[in-house]
1. May I ask you to list the residues in segment 107-132 that are polar (S, T, N, Q) and within 17 Å of residue 18 (Cα to Cα)?
2. Need a quick list: helices (runs of 4 or more DSSP H) entirely within segment 1-112 having at least 2 residues that are open to solvent by less than 40 Å² (accessible area, probe 1.4 Å) and of a type in the set (A, V, I, L, M, F, W, C).
3. Going by the conditions given, is residue 68 more than 20 Å from residue 91 (Cβ to Cβ), modelled with pLDDT of 85 or more and not small (Gly, Ala, Ser)?
4. Which condition number in (1) within 16 Å of the chain's Cα centre (by Cα); (2) within 19 Å of residue 24 (Cβ to Cβ) is the one that residue 123 fails?
5. Determine, yes or no, whether residue 63 is free of Cβ contacts under 8 Å to residues at least 60 places away in the same chain and under 18 Å from residue 128 (Cβ atoms).
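The values are calculated or read from the model by the stated rules, or taken from the named source; none is laboratory data. Please read all numbers here as calculations on a predicted model, not as lab measurements. All Cβ positions, even for glycine, are placed from backbone atoms using ideal geometry, and neighbour counts span all protein chains on display. Accessible surface is based on the protein model in full, side chains and every heavy atom, while ligands, DNA and RNA are left aside. Shrake-Rupley method; radii C 1.70, N 1.55, O 1.52, S 1.80 Å.
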Amino acid sequence: MGRPLVVISGRHRPHELLLLTVSVVTGVAYTIGAPPPTSIAALLPPWALHVWSAGLAVSGVLGLVGALTRHGWSLVLEQAGMLIGAASLVWYVGAIVPFGWRGLFAGLISLAWAIANVARAVQINRDLGGGR
């Protein structure tokens with residue numbers, strides 16, 4: 001007999017919702033033409049910059065919809081948002097690594113954010129019974 005699925009129906013973590021909102025705002029801003037960080041603009045061709053910013057926007061929207069709704073597909077949608085966001089953040093970290101210590105702070109924050117996204121995606125997978 002499998003382990004029972006326990007779903008805690010409390011509010012989501014405010015920091016998760018804040019970071020998803022930041023992801024949407026940042027991703028949309030850079031996608032529609034706000035000047036990107038010079039570290040990214042210097043290293044990535046325009047198409048790669050748009051992949052990064054669109055990834056942030058899409059991950060934020062998917063994550064917010066998944067976190068704020070209570071449907072059978074909500075957790076899967078939130079998980080998809082977390083994984084897309086992690087990929088976009090790792091993309092950013094890879095672009096600023098050549099800047100060395102000058103990009104260290106932004107790189108560490110982005111890497112920690114990506115790790116948190118992956119940890120949440122793993123948690124969702126386990127909650128949905130995928131980690132048996």
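1. Residues of segment 107-132 that are polar (S, T, N, Q), as a first pass: 110, 117, 123, 125.
Result: 110, 117.
2. It comes to 14-32, 46-68, 74-96.
3. yes
4. Only one criterion in (1) within 16 Å of the chain's Cα centre (by Cα); (2) within 19 Å of residue 24 (Cβ to Cβ) is unmet by residue 123, namely (2).
5. So residue 63 fits the description; yes.
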